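To keep things clear, I will list the structure first and then write my remarks on it.
The values are calculated or read from the model by the stated rules, or taken from the named source; none is laboratory data. Predicted model only: the values in this text are computed from it and were never measured. Please note: Cβ atoms are built from the backbone with ideal geometry, for glycine as well, and neighbour counts cover all protein chains shown. The protein model used for the area step is the full one, side chains on, heavy atoms only, and it has no ligands, DNA or RNA in it. Shrake-Rupley method; radii C 1.70, N 1.55, O 1.52, S 1.80 Å.
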Amino acid sequence: PPKRHSTQYTVAWTSATVYCVLCLFGGWLADRVGSRPVILTCLVLLLVSPAVGVMAVSVGTVPALLAGIVIVSFPMWVAWGAAPAYFADSFPIRLRYTGVSLAGQASTIVGGLIPLFLTAVLAGMGSATWPVAATTSGCALFGLVVMVALTRGRQAAPGQRPHGAAESLVPAGGE
């Protein structure tokens, strides 16, 4: 008889599929309305969605687990799909690779420590899951503050373009 897959496999496969679709959707949406509004909206949703997602997961059924994962992941992965366009527009062409690379490496280092931090917090708090929701919402709040601070004053003067894909690779003199 064929080998049956575990519940964890089903949840992981389903989650990965949803993540891929949401990233593509985020990129598509960013192309339509701009990356900044997409990411800001997702960060606002992430202020609330972790609490709702944790409540869904605590029901204890597989459908509730999947629903909780999607509720929390939806804004994260849509924002992830819009992020490349946002990063590309954040730096002039000659600094783009360095800027995107440094931002990516810094977020990987900091973000990589969060599971370790939450594991330690959860070990000390027993079965309480609110620290996971609070940490995720706190990261979203931090992201909102940083995005608002970074985008203040970045508005292009009338008749000028901000940094972005429309910027020419050829200097003004045509050289």
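Here are a few things to note about the model shown:
- Condition check for R32: part of a helix (DSSP H, G or I), basic (K, R) and either open to solvent by less than 80 Å² (accessible area, probe 1.4 Å) or on the phi > 0 side of the Ramachandran plot (or both): no
- Any pair with Cβ under 7 angstrom, 6 or more apart, that starts in segment 55-72 at a residue that is at pLDDT 90 or above and ends at one that is surrounded by fewer than 18 Cβ atoms within 10 Å (Cβ to Cβ): A56/A64; A56/A67; I71/V52
- Here is the figure for segment 51-79: residues that are open to solvent by 40 Å² or more (accessible area, probe 1.4 Å), part of a helix (DSSP H, G or I) and of a type outside the set (A, V, I, L, M, F, W, C) total 1.
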